[in-house]
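Following: one structure in structure tokens, then a few remarks.
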Amino acid sequence: MNKLLIVGTVAFDAIETPFGKTDKILGGAATYISLAASQFNVESAIVSVVGGDFPEGYLEMLNSKNINTTGIEIVKDGKTFFWSGKYHNDLNTRDTLITDLNVLADFNPKVPENFENPEFLMLGNLHPAVQMAVIKQIPKRPKLVVLDTMNFWMDNTWDELIEVISKVDVITINDEEARQLSGEYSLVRAAQKIHKMGPKYVVIKKGEHGALLFNNGDIFFAPALPLEDVFDPTGAGDTFAGGFIGYLASTHDISFNNMKRAIIYGSNLASFCVEKFGTRRMEDLTEKEVQERLRDFKELTQFEIELN
Ligand code: AMP
């Protein structure tokens, strides 16, 4: 079975959407990524840090999905990373209200035993210096390295971010972040500029408007599934990334054609994530539900057309 190492935040989130408000619930980029990847036949482990305030039950839930959490350091007298956000009425945009780095501020990541040489490495959203420190701990270059990041790190740690971006194969970011990173409004031009920074593949997420995959001259687009109920978009981007790399790791195939399928799997899983607050929907998601929705996805995107 292929090994997938996931780096990212394991967090407390407080979320407000037009449909309600939550107090501190389980969140974090690595949490969502690992839950999505657990839908595939891969052996995965998380590298992250939490404080003494982090409930043991959350780790047990991840373990019950075969996610190795021995690389999640627990700082007994520290506080877990905390993020709070409020969504606008369109649910596609949000304001970050609070980002408390807490134990993440001086975290030295340690790759867990048995994961020193993962075939797949997912550098989820967190401090780029931590992402870099993990790359440096892996002696043999993984088959594929995917990086996800956000505007917070562009605003606060630009140079370190640019350095880590130069080391990866795939970057996944949303449209606004792609514009900020490249200084280009057109997403096609933005992707061209980002290619020059290092990544051969650029994935641009557009929330409810789908996702684009760029590989030099080639472009692929997948829509997001139109849903009746969207309660909380938090973690959709990470779930997408987890589905993307989880599928690639389980199929051992990193060709452009297989990446197209990975984009569909990622979009499909993200469509579940938004149906309930926090990680709830991803925690009880079944293989049957995933397959049924994939069928809907296929129907939504297929058409016959005569070309002259
Ligand atoms: P997404 O909605 O996919 O962008 O991911 C939301 C998740 O990212 C939340 O669960 C947060 O805990 C986490 N998050 C928010 N801000 C940051 C940040 N600056 N670095 C790392 N993770 C973050």
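The values are calculated or read from the model by the stated rules, or taken from the named source; none is laboratory data. This is a predicted model, so every value here is computed, not measured. Every residue, glycine among them, receives a Cβ derived from its backbone with ideal geometry; neighbour counts consider all protein chains shown. Heavy atoms of the whole protein, side chains included, go into the accessibility calculation; ligands, DNA and RNA do not. Shrake-Rupley method; radii C 1.70, N 1.55, O 1.52, S 1.80 Å.
Take the residues of the stretch 98-113 that are without any contact (Cβ under 8 Å) to a residue 60 or more places away in the chain and open to solvent by 60 Å² or more (accessible area, probe 1.4 Å): which is farthest from the ligand (Cβ to nearest atom)?
Of everything passing the filter in the stretch 98-113, GLU113 is farthest from the ligand (Cβ to nearest atom).
Can you name every one of the helices (runs of 4 or more DSSP H) wholly within the stretch 224-302 that holds 3 or more residues which are within 22 Å of TYR201 (Cβ to Cβ) and small (Gly, Ala, Ser)?
236-251, 256-273
Rundown of residues vs (1) surrounded by 20 or more Cβ atoms within 10 Å (Cβ to Cβ); (2) under 21 Å from GLU43 (Cα atoms); (3) not acidic (Asp, Glu), yes/no style:
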| position | (1), (2), (3) |
| --- | --- |
| PRO128 | yes, no, yes |
| GLN137 | no, yes, yes |
| ASP175 | no, no, no |
| LEU187 | no, no, yes |
| LYS196 | no, no, yes |
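Can you find even one residue in the stretch 8-15 that is outside any strand (DSSP E or B), buried (at least 24 other Cβ atoms within 10 Å of the Cβ), in contact with a strand residue (DSSP E or B) (Cβ under 9 Å, 6 or more places away or on another chain) and of a type in the set (A, V, I, L, M, F, W, C)?
Yes, the stretch 8-15 contains a residue that is outside any strand (DSSP E or B), buried (at least 24 other Cβ atoms within 10 Å of the Cβ), in contact with a strand residue (DSSP E or B) (Cβ under 9 Å, 6 or more places away or on another chain) and of a type in the set (A, V, I, L, M, F, W, C).
Among (1) among the polar types (S, T, N, Q); (2) within 16 Å of the ligand (Cβ to nearest atom); (3) open to solvent by less than 60 Å² (accessible area, probe 1.4 Å), where does ASN92 come up short?
For ASN92, the exception is condition (3).
Would you please list the contacts, defined by Cβ atoms under 7 Å and residues six or more apart or on different chains, that run from a residue in the stretch 12-35 that is at positive phi and in contact (Cβ under 8 Å) with a residue 40 or more places away in the chain to a residue that is within 9 Å of the ligand (Cβ to nearest atom) and part of a loop (DSSP other than H, G, I, E, B)?
GLY28/GLY8; GLY28/THR9; GLY28/VAL10; GLY28/PHE81
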